[in-house]
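The block underneath contains the structure these notes are about, expressed in structure tokens.
The values are calculated or read from the model by the stated rules, or taken from the named source; none is laboratory data. These figures come from a predicted structure and were not determined experimentally. Positions of Cβ are backbone-derived with ideal geometry, glycine not excepted, and every protein chain shown enters the neighbour counts.
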Amino acid sequence: MKSLELSQYILTNSVVPNSIYYVPDFIDTEQEQFLISNVLNAPKPKWTFLGNRSLQNWGGFPHPKGMVVEALPSWLKTYTEMVGNLDLFDGNTPNHVLMNCYHAGQGIMAHEDGPLFYPTVTTINTGSHTVLNFYSKPDDDQIRKYCFSLLLMPRSLLVLKHEAYTKYLHEIEELTFDKINLSYNFYDGGQIFQDFKYIANLDRIPLEQIQSKTNVDIERKSGEGIISLTRQVRYSFTIRYVPKVMNLNIKKLFVK
């Protein structure tokens with residue numbers, strides 16, 4: 001990929017913190033298929049199957065005492081270097097990749113990535129779109145409040161830094177499709193308007209890219225912009241930097 005000026009892709013919407021970047025077509029279709037193919041051909045022991053998703057952990061095992069380091073495979077290094085060239089990790093190269101596989105109807109509860117990682121997270125999205133919902137992080141007995149959502153299209157890159165990383169929880173609802181109102185996409189104080197989430201990056205996604213995922217002739221006219229995007233199998237590559245590492249035998253760490 002040619003040199004990327006990340007500042008061009010910051011979300012300037014007043015509703016979101018000024019530390020979110022959305023880059024459409026960060027990779028091309030050939031690179032997307034290359035990544036998916038390597039995921040599917042990974043050895044069976046690399047897979048962990050959970051009730052709502054399956055995953056592969058590459059680069060090491062994050063641990064409070066320090067990450068047990070493993071070498072990243074060559075097929076991933078190209079992409080960690082692409083992200084590293086954006087200088088998001090204080091001059092450090094990303095050393096950890098978490099691949100999450102979501103089938104339609106699967107998701108992940110609201111969470112934060114936590115203190116084991118440098119406070120910047122980058123995600124390359126492949127295979128399918130998804131909608132990522134953001135909530136304010138509750139204090140003590142406060143109830144979390146819905147804030148906004150992001151539509152993540154295949155081959156895009158999402159970057160969350162600083163406040164976007166530390167002050168919000170994010171989730172993927174367990175849905176088979178996402179209903180989006182292109183005509184009335186507005187923020188209403190954190191309220192969900194007639195079941196429509198507020199998509200804060202909708203203006204950054206080319207209309208034809210959304211239209212290619214539907215069978216509907218979309219027009220931005222009153223009453224004519226409601227669409228449903230059907231989820232398919234999505235493979236996300238969360239690329240991070242773990243500052244605290246150690247070179248230990250895994251058995252020595254977990255077996256007393």
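A few remarks follow.
- Answer from N125, N133 - the residue that is in a strand (DSSP E or B) and surrounded by fewer than 22 Cβ atoms within 10 Å (Cβ to Cβ): N133
- Test: residue in region 94-105 that is more than 28 Å from S74 (Cβ to Cβ) and buried (at least 18 other Cβ atoms within 10 Å of the Cβ): no
- Selection status of E81, closer than 27 Å to F134 by Cα and acidic (D, E): no
- Looking only at region 14-47, residues that are within 19 Å of the chain's Cα centre (by Cα), of a type in the set (S, T, N, Q) and modelled with pLDDT under 95 come to 1 in all.
- Restricting region 223-254 to residues that are modelled with pLDDT under 85 and surrounded by 13 or more Cβ atoms within 10 Å (Cβ to Cβ), the residue that is nearest to S128 (Cα to Cα): I227
Residues checked against (1) of a type in the set (V, I, T); (2) on the phi > 0 side of the Ramachandran plot; (3) loosely packed, with under 14 Cβ neighbours inside 10 Å; (4) out of contact with any His (no Cβ under 6 Å at 6 or more places or on another chain):
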| site | (1), (2), (3), (4) |
| --- | --- |
| L4 | no, no, no, yes |
| Y9 | no, no, no, yes |
| T12 | yes, no, yes, yes |
| E32 | no, no, no, yes |
| G51 | no, no, yes, yes |
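- Of the numbered criteria (1) in contact (Cβ under 8 Å) with a residue 60 or more places away in the chain; (2) surrounded by 13 or more Cβ atoms within 10 Å (Cβ to Cβ); (3) among the basic types (K, R), the one K65 fails is (2).
- Selected residue (criterion: modelled with the lowest pLDDT) from residues of region 68-93 that are buried (at least 16 other Cβ atoms within 10 Å of the Cβ) and farther than 22 Å from N125 by Cβ: V68
- The lone exception for A110 - which of (1) of a type in the set (A, V, I, L, M, F, W, C); (2) over 22 Å from I27 (Cα atoms); (3) in a loop (DSSP other than H, G, I, E, B) it fails: (3)
- Of the strands (runs of 3 or more DSSP E) entirely within region 24-86, those holding at least 2 residues that are closer than 16 Å to H96 by Cα and among the β-branched types (V, I, T) occupy 67-69.
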